[in-house]
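Enquirer: Have a look at the structure that comes next, please.
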Amino acid sequence: MQGRLTAAACFAACLAAAIEARATHVCPGRPNGTVDFGPFPDPPFQHAHAIGAPCPDASATAEAGAIALAGGGFDIGQDGDQLLFAYSVAPGDFSARVTVAAKNLVPGSRWGKFGIMARQDCSDRSRYTLIHDCGENLEDNTRLSHRPTHGGSDNFETVPAGNFKHARSLRLDRRGGVFTAYVLDETGDFGTAPGTWLEVGRNDWGFTAPPAVLLGLAVSSHSEC
C-alpha cells in the first residue's frame with residue numbers, strides 16, 4: 001500500500017485512569033461507513049477509525065498493552081486531515097505518554113506523522129493538538145502541531161530546541177484549556193540531562209475548550225492512500 005505508515009505504542013497507566021470509555025459515543029464529523037476497529041481493552045481505546053476519507057488498507061490491532069496502527073492519509077494540516085485515529089473520550093485534565101516501539105515507513109517517503117493527539121471531534125478540520133514524530137529524515141524531526149481554530153485552515157508547528165532529532169517517547173498534558181507537549185530526552189541529545197521531559201511547546205484552547213476531548217494515537221503518511 002503506497003503511503004503506509006505503522007506505529008506500535010503503549011500508553012502509560014496514567015492515561016487509563018484519565019479516560020472515560022463510552023461505548024455509545026457518536027463522534028461529530030465522523031465519515032459515514034467508516035470501519036471502527038475498536039474497542040480495545042488494553043490500551044483502553046474505545047474507537048479506532050479514519051478521520052477524513054478512509055484508506056482501504058488501514059488497520060488497528062492491540063495486544064498486551066500495545067497498539068499497532070497502519071494507515072495512509074494525505075496530511076494533518078492546513079488543507080484538512082486524513083488519518084487513522086485510535087482514541088477514547090478524556091474528560092478533564094490528563095497526562096498521556098507513549099513510547100513508539102516500532103515504525104514501518106515507505107522507503108523514500110517524508111513527513112508522515114504519528115503521535116499523541118487531543119482532538120475536539122472527528123471532522124477533518126477539527127481543532128487539535130498533536131505531539132508527533134515524523135519520518136526517518138532528520139529534517140522531519142519530532143514536533144508539536146496544532147490547529148487553534150475549530151473548523152479552520154490555520155495550522156502551526158513548534159520544533160523542540162534539539163533540532164534534527166527524533167524522540168521515541170512523547171507526552172501530552174492537559175491542565176484546564178492548556179495543552180502542553182513534551183519529548184523524553186533519553187540520552188541528552190536534546191540538550192538536557194538524560195531522562196528529562198523537555199517541553200516542546202503549549203497551546204491554549206481558551207474558554208471555548210470543551211470539558212472532554214478525544215485523546216489517543218494518530219497516524220498519517222503524508223502520501224495519501
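The values are calculated or read from the model by the stated rules, or taken from the named source; none is laboratory data. From a predicted model like this one, the values you see are computed outputs, not experimental measurements. We place every Cβ from the backbone using ideal geometry, glycine too, and count neighbours over all the protein chains shown.
Enquirer: Consider the range 47-64. How many of its residues are more than 14 Å from G33 (Cβ to Cβ) and part of a loop (DSSP other than H, G, I, E, B)?
Expert: The number of residues fulfilling the criteria is 2.
Enquirer: Suppose we filter the range 161-190 for residues that are of a type outside the set (A, V, I, L, M) and in contact with a Gly (Cβ under 8 Å, 6 or more places away or on another chain); how many remain? Can you show your working first?
Expert: Start the filter on the range 161-190 by keeping residues that are of a type outside the set (A, V, I, L, M), which leaves 162-166, 168-169, 171, 173-177, 179-180, 182, 185-190.
Retained after the next criterion (residues that are in contact with a Gly (Cβ under 8 Å, 6 or more places away or on another chain)): 162, 174, 177, 180, 185-186, 189-190.
Final tally of qualifying residues: 8.
Enquirer: While we're here: Out of G162, G151, G191, I need the residue that is in a loop (DSSP other than H, G, I, E, B), under 21 Å from G112 (Cα atoms) and modelled with pLDDT under 95. Which one? Before you say what the answer is, go through the steps one by one.
Expert: On the way: G151 fails: under 21 Å from G112 (Cα atoms); G191 fails: under 21 Å from G112 (Cα atoms).
Within the list G162, G151, G191, the selection yields G162.
Enquirer: I would also like to ask the following. Residue by residue through the range 104-124, note down the ones that are out of contact with any Cys (no Cβ under 7 Å at 6 or more places or on another chain) and either β-branched (V, I, T) or buried (at least 21 other Cβ atoms within 10 Å of the Cβ) (or both). Full working, then the answer.
Expert: The first filter runs over the range 104-124 and keeps only residues out of contact with any Cys (no Cβ under 7 Å at 6 or more places or on another chain), leaving 104-110, 114-120, 123-124.
Hits for the range 104-124 are V106, F114, G115, I116, M117, A118, R119, Q120.
Let's see how each residue does on (1) over 29 Å from A60 (Cα atoms); (2) buried (at least 23 other Cβ atoms within 10 Å of the Cβ):
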| residue | (1), (2) |
| --- | --- |
| A167 | no, yes |
| E186 | no, no |
| D189 | yes, no |
| W197 | no, no |
| A218 | no, yes |
| S221 | no, yes |
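Enquirer: Please specify each residue of the range 80-127 satisfying the condition of being within 26 Å of D42 (Cα to Cα), in contact with a Gly (Cβ under 9 Å, 6 or more places away or on another chain) and charged (D, E, K, R).
Expert: D93, K103, K113, R119, D121
Enquirer: Checking the conditions here, which among E224, E157, E199 is under 24 Å from W111 (Cα atoms) and assigned to a loop (DSSP other than H, G, I, E, B)?
Expert: Within the list E224, E157, E199, the selection yields E224.
Enquirer: Read through the list (1) outside any loop (DSSP other than H, G, I, E, B); (2) buried (at least 20 other Cβ atoms within 10 Å of the Cβ); (3) touching a Lys or Arg at 6+ places or on another chain (Cβ under 7 Å), then give the number of the only condition that I67 fails.
Expert: I67 satisfies every listed condition except (3).
Enquirer: Between V26, V35, which is modelled with pLDDT of 75 or more, over 14 Å from the mean Cα position of the chain (by Cα), in a loop (DSSP other than H, G, I, E, B) and of a type in the set (A, V, I, L, M)? Show your work before the answer.
Expert: Details: V26 fails: modelled with pLDDT of 75 or more.
Only one candidate qualifies: V35.
Enquirer: Do any residues in the range 68-89 that are under 18 Å from I116 (Cβ atoms) and in contact (Cβ under 8 Å) with a residue 24 or more places away in the chain have Cβ atoms under 6 Å from those of residues that are part of a loop (DSSP other than H, G, I, E, B) and among the acidic types (D, E), where the two are at least six apart or on different chains, and which pairs are they?
Expert: That search, which allows pairs on different chains as well, returns D81/D124.
Enquirer: So is D79 out of contact with any strand residue (DSSP E or B) (no Cβ under 7 Å at 6 or more places or on another chain) and not small (G, A, S) or not?
Expert: On the way: out of contact with any strand residue (DSSP E or B) (no Cβ under 7 Å at 6 or more places or on another chain): yes; not small (G, A, S): yes.
So D79 fits the description; yes.
Enquirer: Evaluate the range 194-201: report whether one residue or more is charged (D, E, K, R), in contact with a Pro (Cβ under 9 Å, 6 or more places away or on another chain) and closer than 24 Å to A90 by Cα. Reasoning before the result, please.
Expert: Our first condition is that a residue be charged (D, E, K, R); within the range 194-201, this holds for 199.
Narrowing the set further to residues that are in contact with a Pro (Cβ under 9 Å, 6 or more places away or on another chain) leaves 199.
Remaining after also requiring closer than 24 Å to A90 by Cα: 199.
Yes, there is a match, as at least one residue in the range 194-201 is charged (D, E, K, R), in contact with a Pro (Cβ under 9 Å, 6 or more places away or on another chain) and closer than 24 Å to A90 by Cα.
Enquirer: Let me ask something additional. Note down all Cβ pairs under 7 Å where the first residue falls in the range 204-218 and is in contact (Cβ under 8 Å) with a residue 40 or more places away in the chain and assigned to a loop (DSSP other than H, G, I, E, B), the second is crowded, with 24+ Cβ neighbours inside 10 Å and β-branched (V, I, T), and they're at least six residues apart or on different chains.
Expert: none
Enquirer: For A90, which of the numbered conditions (1) under 21 Å from A68 (Cα atoms); (2) modelled with pLDDT of 90 or more; (3) surrounded by 24 or more Cβ atoms within 10 Å (Cβ to Cβ) fails to hold?
Expert: Looking at each condition in turn, A90 falls short on (3).
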